[in-house]
Amino acid sequence: MRAINHSTHILSAKVIQQGVLLAVALSGCLTSSGLAENASSPTPYIARLGEAPDWTQLDPLQETISREEFVYLLRHCYAHAPEDYTDTILIQPDRALILKQSNFPDAGWYELRFKNSNHLSSTPAKFWRTPVEMPDLPVNSSKPLEGIRIAVDPGHIGGKWVTWDDRHFKVGRDTLSVNEGEMTLKVAKILERDLTLLGAEVMLTRTSTNPVTSERIETLQDEAVEYLKQRKIVPSSGLIASTAKKMFAISSEIRSRGDLVNDTLQPDLALCLHFNASPATSRRPSFRSPNHLHLLINGCYSKGEIAEDDTRFEMIMRILQRVYYEELDLSDEISRTMKKETRLPSFHYDGTNGMAVNDNDLVWARNLLANRVFFCPVVFFEPYCMNHREIHGRVQEGEYAGLREINGIYRKNIYQEYADGITAGLVNYYRKVR
Ligand SMILES: [Zn+2]
């Protein structure tokens, strides 16, 4: 399940899965009612609002990766388990065969030839630069981020759209609502100011509480019906409505930001800002424990995700661009300064939709839409649980200057603290590697 690390989305996934089971049970009826696609050329199986990939876009990347490195990255970070890709990716001695359309083997296999080990390693085509590809930093420079292009993506939308993505939390009548899309924007604006002072070129994917996408729920009704039919789910009015809502607030919004990042901003790295939340067990909002922190890199694709033609293509593209190394090194470094600033314990995945790639328990691999479709290293932040009592209290305090005592500790306002954790990590990282 893509989208964001939130209970509401996980709940929606379960609803969809139940729909699949129902559809399987009723498959005879589906066929006779004409809902099933023509078996000779089915509609490609793709992610929500995704497009069938053009496999020839991998042509310039032929013979740029060795068999050993390809298999290492696939197994170590990208596939949740080796059996998750064996239906769609065949590893041969000198090439990988990648099924072009998972529900239609007659469309054939894309042949990705491995680099001959006698050849020098080659740099794949990409718009982002690794630190060694950036100009050297003058000794004792006061601007350690000089010339680095950083996209900052404030997660969600907020404002009048706050109820559309279900990322808000309000307890009591006379309290401020905790709205993720507005909080991430506050952090993004602090980062824009502070990282710019350190020499970076900072670009925000949004600067207001308005959607980046021009689509709306009303304009996505047909796409919602098509998506459900493609997954052999009976398109009831309730499911069409909930699918179109997710298509607007998550899929279309994030894909629009992806287009902006890939086609216009073309940064060296992207920072995706979020606040986490603990799963709520009832409709009535209440405080939950514990409070925690983690960072995500892209990886841990499930069998169902790898079966999506566009998702499989994007995974292969990330492997060929060697995004993993930069993403992990950045996340590793920033996780340390984030931990120091936030004083939060780590969050642990149970291994189903997130997995460890090293011994840092603050960094996990997970396949989310933003960290898959932004074609550069992406560090995805999930600090602070919004429905934790202390975080709710800190949001009520607002963006105060200086320090205030919170539970016996003098602390910065939560937005500055979040931003400072990132800034310090970036400075440490680039001082080391440039
Ligand atoms: Zn979020």
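Do you know the relative contact order of region 320-434, to the nearest whole percent, from alpha carbon pairs under 8 angstrom that are 6+ apart? Don't skip to the end; give the middle numbers.
Values: 106 pairs, mean separation 39.5, N = 115.
So the answer I get is 34 percent.
If I take every Cα pair under 8 Å that is 6 or more residues apart in the chain, average their sequence separation and divide by the length, what percent do I get for the relative contact order? Kindly include the intermediate steps, with their values, before the conclusion.
Numbers: 752 pairs, mean separation 96.1, N = 434.
Once divided by the residue count of the chain, the mean separation gives 22 percent.
Could you please rank Tyr410, Tyr415, placing first whichever residue has the fewest other Cβ atoms within 10 Å of its Cβ?
On the way: Tyr410 9, Tyr415 22.
In increasing order of surrounding Cβ atoms, one gets Tyr410, Tyr415.
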Ranking of His388, His168 by count of other Cβ atoms within 10 Å, fewest first:
His168, His388
Rounded to whole Hz and in sequence order, give me ³J(HN,Hα) for region 189-200 from the Karplus expression 6.51 cos²θ - 1.76 cosθ + 1.60, θ = phi - 60°, writing x for Gly and Pro.
6, 5, 4, 4, 5, 6, 6, 5, 4, 8, x, 6
Between region 159-179 and region 331-398, the Cα center-to-center distance that results, in Å:
21
Of all DSSP beta bridges with both partners in the chain, the antiparallel percent, nearest 5, is 50
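By per-residue mean of other Cβ atoms within 10 Å, what is the highest-first order of 146-155, 65-74?
Working: 146-155: 23.6, 65-74: 18.0.
Going by the mean number of other Cβ atoms within 10 Å, highest first, we get 146-155, 65-74.
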Separation between Cα centres of region 137-157 and region 209-255, rounded to whole Å:
35
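When the helix-only estimate is applied to the chain (DSSP H runs of n ≥ 4, each -39,500 (n - 2.57), divided by the residue count), what is the mean residue ellipticity at 222 nm, nearest 500 deg cm²/dmol?
Details: 13 runs with 148 residues, N = 434.
Taken over the chain, the calculation gives -10500 deg cm²/dmol.
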May I ask you to list the aspartates and glutamates whose Cα is less than 15 Å away from that of Lys189, ignoring any residue fewer than eight positions away on the same chain?
Asp153, Glu180, Glu201, Glu399, Glu417, Asp420
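Bear in mind that the values in this text are calculations on the coordinates, not laboratory data. Please read these numbers as outputs of a predicted model, since none were measured by experiment. Neighbour counts are summed over all protein chains in view; Cβ atoms, including those assigned to glycine, are modelled from backbone coordinates with ideal geometry.
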